[in-house]
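Undergrad: One structure coming up, written as structure tokens, with questions to follow.
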Amino acid sequence: MKMTFRWYGDNDPVTLLNIRQIPGMTGIVSAVYDTPPGEVWPQASIDALKKKAEDAGLAFEVVESVPVHEEIKLGGPDAPRLIENYCETLSRLGKAGVKVVCYNFMPVFDWLRSTLDEQHDDGSNGLSYIEEQVLHMNPLDGSLSLPGWDESYGAGELKALMSRWQDKTQEDLWKNFEAFLNKVVPAAEQAGIRMAIHPDDPPWGIFGLPRIITGAGSYRRMMEINDSPANGITLCTGSLGASGENDVAAIADEFAEHIPFVHLRNILRTGDRCFKETAHPSACGSLDMYKIVKTLVRRGFDGYVRPDHGRMIWGEQGRPGYGLYDRALGAAYLTGLFEAAQKEQDV
């Protein structure tokens, strides 16, 4: 297991020095953020990012993410060109020593929450999702302001994009996903990279948009399209675990050979399609983190792990979900789980 940490570049208030000081930390998970989706990442930008990490004593072997342009998901006329650009970016990342690329195939919106600073009894705050609140949201009236997507579209552009999705079904999205995989997986193989799709977050439809990567059935269908080792999964415990229908440990067991990258975090389910993000330990939420880690160890997992979304604790302010302190605590806890599970396995 290689413990890593998400880093958003020079504008991230969490510095590489901060990350380097977390016990057991081996590398960063990052991306080239100043190139528009669909365009080829400059080799110089990739190499510069790698050098910054290595100068700080950290590896740069996981990218999260190379965004999939919306035209690819829609199957638009420009999709073939954009997929070729994607493949060229993978080639350049492979030359820089990148081993895993995390990505998603969610239409329009990345991860969605109804509240970014849910107050917890201990004085911390974190992300939460309440279905009733989301049902009253209108993504077209400018009332939403969430990280991960709202900076990408103006109001008029978002409205036009949503209208294009109005008549699209899950099968339409699967068809376009298959076309993407058929081109990208061979390119990843050639580059020495394993693709690792992130599950939809949350793992159900929002705002009438189709979503397809929601659990074990999705992964089985995906592997039927292409069962190459380069066609892999990002096992995100918090995203999958938001649905009580997903047994995350069982998913880890079934698809272990296809998991090069794991996001480990806990959530507390508070109702049907309602949850809040908690501290990482099992006792703090609805997921048995030790069972998940033990399953990964038993199945021989030797890939990359990162502590996922953390709360804001000790007065810290920063990018919601991506502060330093709680994620550092999570990394230390998870490292301990892996050590214990590995030693039990070795007995």
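Undergrad: Every residue in region 28-50 that is touching an Asp or Glu at 6+ places or on another chain (Cβ under 6 Å) and either part of a strand (DSSP E or B) or acidic (Asp, Glu) (or both), please.
TA: Once the filter is applied, which keeps residues that are touching an Asp or Glu at 6+ places or on another chain (Cβ under 6 Å) and either part of a strand (DSSP E or B) or acidic (Asp, Glu) (or both), region 28-50 yields only VAL29.
Undergrad: Right, something else. Go through region 266-299 and give me each residue that's open to solvent by less than 40 Å² (accessible area, probe 1.4 Å) and of a type in the set (Val, Ile, Thr).
TA: Result: ILE267, THR278, ILE292, VAL293, THR295, VAL297.
Undergrad: What about ALA44, is it farther than 23 Å from ARG194 by Cβ and either at pLDDT 95 or above or not β-branched (Val, Ile, Thr) (or both)?
TA: Against the criterion (farther than 23 Å from ARG194 by Cβ and either at pLDDT 95 or above or not β-branched (Val, Ile, Thr) (or both)), ALA44 qualifies.
Undergrad: List the pairs whose first member sits in region 1-12 and is open to solvent by 40 Å² or more (accessible area, probe 1.4 Å), whose second member is in a loop (DSSP other than H, G, I, E, B), and whose Cβ atoms are under 6 Å apart, counting only residues at least 6 apart or on separate chains?
TA: Close Cβ pairs (under 6 Å, with a partner that is in a loop (DSSP other than H, G, I, E, B)) do not exist here.
Undergrad: Here's a follow-up. Filter region 64-92 down to residues that are in contact with a Leu (Cβ under 6 Å, 6 or more places away or on another chain) and either in a helix (DSSP H, G or I) or open to solvent by less than 10 Å² (accessible area, probe 1.4 Å) (or both), then give me how many there are.
TA: 2
Undergrad: Are any residues in region 26-55 buried (at least 20 other Cβ atoms within 10 Å of the Cβ) and in contact with a Lys or Arg (Cβ under 8 Å, 6 or more places away or on another chain), and if so, which ones?
TA: Correct list: GLY27, ILE28, VAL29, SER30, TRP41, ILE46.
Undergrad: Sticking with this one: I want to confirm something. Restricting to region 300-347 and keeping residues that are touching a Ser or Thr at 6+ places or on another chain (Cβ under 9 Å) and part of a loop (DSSP other than H, G, I, E, B), which single residue is surrounded by the fewest Cβ atoms within 10 Å (Cβ to Cβ)?
TA: It comes out as TRP314.
Undergrad: Return yes or no: is PRO23 open to solvent by 20 Å² or more (accessible area, probe 1.4 Å) and within 17 Å of the chain's Cα centre (by Cα)?
TA: no
Undergrad: On the basis of being out of contact with any Cys (no Cβ under 7 Å at 6 or more places or on another chain), in contact (Cβ under 8 Å) with a residue 40 or more places away in the chain, among the aliphatic types (A, V, I, L, M) and under 23 Å from VAL98 (Cα atoms), does ILE213 make the cut?
TA: Judged against the criteria, ILE213 is not a match.
Undergrad: From (1) among the small types (Gly, Ala, Ser); (2) assigned to a helix (DSSP H, G or I); (3) out of contact with any strand residue (DSSP E or B) (no Cβ under 7 Å at 6 or more places or on another chain), pick out the condition that doesn't hold for ALA53.
TA: Single failed check for ALA53: (3).
Undergrad: Could you go through region 172-189 and let me know if any residue there is in a loop (DSSP other than H, G, I, E, B) and more than 22 Å from VAL101 (Cα to Cα).
TA: No: region 172-189 contains no residue that is in a loop (DSSP other than H, G, I, E, B) and more than 22 Å from VAL101 (Cα to Cα).
Undergrad: Might you let me know whether region 251-265 holds any residue that is part of a helix (DSSP H, G or I) and either surrounded by 24 or more Cβ atoms within 10 Å (Cβ to Cβ) or at pLDDT below 95 (or both)?
TA: yes
Undergrad: Given (1) modelled with pLDDT under 95; (2) at positive phi; (3) not acidic (Asp, Glu), identify the lone condition not met by GLY123.
TA: Status for GLY123: all satisfied but (1).
Undergrad: Can you pull out the residues in region 201-250 that are buried (at least 18 other Cβ atoms within 10 Å of the Cβ), touching a strand residue (DSSP E or B) at 6+ places or on another chain (Cβ under 8 Å) and in a helix (DSSP H, G or I)?
TA: Residues satisfying the conditions are TYR219, MET222, THR237, GLY238, SER239, GLY241, VAL248.
Undergrad: Within region 174-194, is there a residue that is closer than 20 Å to MET1 by Cβ, of a type in the set (D, E, K, R) and touching a Ser or Thr at 6+ places or on another chain (Cβ under 6 Å)?
TA: The answer is no; no qualifying residue exists.
Undergrad: Which one of these is at pLDDT 95 or above, of a type in the set (A, V, I, L, M, F, W, C) and open to solvent by 20 Å² or more (accessible area, probe 1.4 Å): ALA191, ALA196?
TA: One residue alone meets the criteria, ALA191.
The values are calculated or read from the model by the stated rules, or taken from the named source; none is laboratory data. Model, not experiment: these values are computed from the prediction. Methodologically, a virtual Cβ is constructed for each residue, glycine included, from the backbone with ideal geometry; neighbour enumeration extends over all protein chains shown. Protein only, heavy atoms only, side chains kept; ligands, DNA and RNA dropped before computing areas. Shrake-Rupley method; radii C 1.70, N 1.55, O 1.52, S 1.80 Å.
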